[in-house]
Amino acid sequence: MQAYEFNTVVRDGIIRIPKQYIGRQLSSVRVIIMDNTDIPDFQPSKQRFSAMKLKTKGFKFNREEANER
């Protein structure tokens, strides 16, 4: 497999292959599209996990039943 890399503009869903590559016998190709538009930097949420309380009075836990699932 031979790899060729080039930049082009997609117009109406069509990717133009540069002239220097058209003369080669390209019968089967693999296309990887990498978008060059700027992606905003990931900003993690500053909200932290806080503890929570559960009322378990009257709750019956059956280990065998839980393991069946």
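Computed from the coordinates by the stated procedures, all read-outs in this text should not be read as laboratory data. Worth saying up front: this structure is predicted, and the values here are computed from it rather than measured. So basically every Cβ, Gly included, is an ideal-geometry build from the backbone, and we count neighbours across all protein chains shown.
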Inset, instruction - Could you list the chymotrypsin sites (Phe, Trp or Tyr not before Pro) in segment 1-41 that lie in coil according to DSSP, counting only those with at most 14 other Cβ atoms within 10 Å of their Cβ? - result: Tyr4, Phe6
Legend entry - Answer label for Rg/Rh (Cα atoms, Kirkwood Rh) (calculated), chosen among (i) 0.95; (ii) 1.14; (iii) 1.43: (iii)
Legend entry - For segment 46-68 versus segment 13-27, the gap between their alpha-carbon centres in whole angstrom: 60 Å
